[in-house]
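Right, one structure below, let's go through it.
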Amino acid sequence: MKSKLLVAALVAATVTGSAHAAPFFSDDFQSNGVGFNIAPSGWTVSGGTVDIVGPGYFPGLCAPAGAEKCIDLDGSSSDAGVLSRVFSLTGGNTYTLSFDLAGNRRSAGTETGTVTFGTSVLGFSVPATQTAYANLSLLFTPGSSGNYSLSFANDGGDNMGAILDNVVITVESNGVPVPGTLGLLAAAVVAGIAARRRRN
Ligand SMILES: [Ca+2]
Ligand SMILES: [Ca+2]
Ligand SMILES: [Ca+2]
């Protein structure tokens, strides 16, 4: 009985401790190689191309420069692609998309485009002089559970697009943050350890 109470206390502590719930999804694009006209791992690029820039390939486009990798939303094929991926979302939950966007300092102009998350749409406009990231966000509350798309689409095709990094999605259910997979994993490990102890 004592050990069962301990398990309950540990799991409760893990859940309570996740006031800063792990994100539902996050990608800083650091795990990718850099290059022309390639899609970052886990993402789809359609109707054109994007570039993964960073060390060895226009490193100054990311903010800050150095070891950072980020996405140039207009690749190197004179046709900006649509960068997208699909998420399985739960109806009634509120998902908050957050991402960093900067202008393209190789360009003399302003980059415009559209971000679509489920049925939520956000237009963007970033001048070349905006070299520091602006953090933008977009909320989506699906009416029913299912697969929904997140996409970033730069206008034009001059091979210089807006610079994207640090895509993060968090989720709230009835206003309460839902722990991400790391939080759930921690709870499962704690429960597993306690169960083993109970058997010994
Ligand atoms: Ca990055
Ligand atoms: Ca490019
Ligand atoms: Ca452009």
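Summing Lys and Arg as +1 and Asp and Glu as -1 over all other residues whose Cβ lies under 14 Å from the Cβ of LEU136 gives a net charge of -3. Note on the stretch 23-178: with charges restricted to the Cβ of Lys and Arg (+1) and Asp and Glu (-1), its dipole about the Cα centre is near 140 debye. Could you work out the local net charge near SER107, counting Lys and Arg as +1, Asp and Glu as -1, over the other residues with Cβ closer than 11 Å to its Cβ? Result for the local shell: -2. Using the Cα centre of the stretch 23-178 as origin and beta-carbon charges of +1 (Lys, Arg) and -1 (Asp, Glu), tell me which of ASN154, TRP43, GLY33 is placed farthest towards the positive end of the dipole. Value computed over the given set: TRP43. Taken per residue, the accessible surface of the stretch 23-178 reaches 41 Å², heavy atoms only and a 1.4 Å probe.
Descending by average beta-carbon neighbour count within 10 Å, the peptides 108-116, 132-140 line up as 108-116, 132-140, the highest first.
The values are calculated or read from the model by the stated rules, or taken from the named source; none is laboratory data. For clarity, every value in this text was computed on a predicted model and none was experimentally measured. So basically every Cβ, Gly included, is an ideal-geometry build from the backbone, and we count neighbours across all protein chains shown. When the accessible area is computed, the model is the full protein with side chains, heavy atoms only, and any ligands, DNA or RNA have been set aside. Shrake-Rupley method; radii C 1.70, N 1.55, O 1.52, S 1.80 Å.
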